[in-house]
1. Share of antiparallel DSSP beta bridges in the chain, in percent to the nearest 5?
2. Which translational diffusion coefficient, to the nearest whole µm²/s, is obtained for region 325-368 from the Stokes-Einstein equation, given a Kirkwood hydrodynamic radius over C-alpha pairs, 10 °C and 1.306 mPa s?
3. Check cross-link reach from K70 to the lysines: straight Cα distance under 16 Å, and skip same-chain residues fewer than eight apart.
4. With runs of 4+ DSSP H residues as the only contributors, calculate the mean residue ellipticity of the chain at 222 nm using -39,500 (n - 2.57) per run, divided by the residue total and rounded to the nearest 500.
5. For region 1-153, what ratio Rg/Rh do Cα atoms give with a Kirkwood hydrodynamic radius?
6. Which value, in debye to the nearest 20, describes the size of the charge dipole of the chain about its Cα centre when Lys and Arg Cβ atoms bear +1, Asp and Glu Cβ atoms bear -1, and nothing else is charged?
7. What per residue convex hull volume, in Å³, comes out for the chain when only alpha-carbon positions are used?
8. Determine the relative contact order of region 267-386: mean sequence separation of Cα pairs under 8 Å and six or more apart, normalised by residue count, in whole percent.
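Any read-out appearing in this document is the output of simple, stated calculations on the displayed coordinates, not a laboratory observation. Just so it is clear, the model here is predicted, and its values are computed rather than measured. For neighbour counting, all protein chains shown are included, and Cβ atoms are generated from backbone atoms with ideal geometry for every residue, glycine included.
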Amino acid sequence: MADKDPQRSDDTLLVHDERHSEGAVAPPIYQTSLFTFDSYQAMVDRFRGDSDQPVYSRVDNPTVSILHDKMCELEGGDKALAFSSGIAAISNAVLGLIEAGDHIVCVKQCYPDTYRLLQVICARFGITTEFVDGTDTAAIEAALPGAKLLYLESPTTWLFEEQDIKALAALAKAASVTTIIDNSWATPIFQKPLEVGIDLVVHSASKYISGHSDTVAGVLVGKGSIIDKLVLETTPYLGAKLSAQEAALLLRGLRTLPLRLQRHQESALMIVNRLTDHAAVTNVHHPALNPASYSLLRGYGGLFSFEVDDSIDIPTFCDALSLFRLGVSWGGHESLVMPAEVSINQAGSPSAAVDFGVPARLVRLFVGLEDPEELWSDLEAALNNA
Ligand SMILES: *Cc1c(COP(=O)(O)O)cnc(C)c1O
């Protein structure tokens, strides 16, 4: 992967770069399962590793490769790999880098299905995980000796607390521990963890990168040696690669990512400030309210949470909303509400919301691209009616 032109901003990179065969500005969608060879020798060369002609779309697809290149340039990574979901990216990374008996250190308040991957699937193979408060750098440092992986997510799910990513990357490196970070909340537009020494970044591209709530996808970006190891030893056999159609949807989403994030940020900060002043709101969790001295964030997203006092009946509040719709996920055009109580009562175990003690009176909001004043009126009316 060629280095990104240092003169070029992310905004320009995302819209200017595309020029495909015949001068097309949108990428060709290679809707094919396999690629044929012109000769016996060409096939032998490819299987020996002497050429990089695509073979089979479970492993290689040119539309998906365009997405890989773009994500590398944005994050400042050597190589990228796209998957059929964010959790597929996470499970491929974790399962590809550990062996039976290994130990993982992970931040508390990680994404709930990341928690189940570690506590259910990894545990089955004798892999143990210690969950540590991400704001306590010294506690993470103390947990590192003997670990194989340090898994970060900054800001975290539900409470949106940041970690000292740069310090933790250095501490992990000194302890020979590989670092992974979930960067879905910030996207590479607002946070670039590879620049401060993190080894591997993971994205749920279902969120902002898609941006239109029509795709489930994931991406890994990081060191070439790590991606090469995953490609050789893991990803073809777990088989969760992204389709060409969905890669094209993600490339479309990427073009407007900086613009959309700007709008999510402005609208969310306005609503965060008004919620902070509301009599029934006891706490608002958004990284802009208490910026960490070590924060790498260059901007703020539209996903945050708040807590309400006993005067608010949370089910009544949720049902009174009309613009904010009840739903999981986030990062698309539409505003969403997700009460923590629902996650606390989710079937199955273990539960991250229960085990990490997510407050029951907490509600998560995703501020979408609607008119922010209309969103506020919706929230204010629902709070007053609850
Ligand atoms: C949604 C999400 C994931 C999982 O991604 P999927 O695309 O749903 O598999 C992982 N991490 C975070 C922070 C998320 O919000």
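1. 60 percent
2. For these conditions, the coefficient is 143 µm²/s.
3. Partners found: K4, K79, K192, K223.
4. Per the formula, -10500 deg cm²/dmol.
5. Working: Rg = 20.2 Å, Rh = 18.9 Å.
My calculation of the ratio gives 1.07.
6. 800 debye
7. Working: hull volume 57.1 nm³, N = 386.
That works out to 148 Å³ per residue.
8. Answer for region 267-386 is 31 percent.
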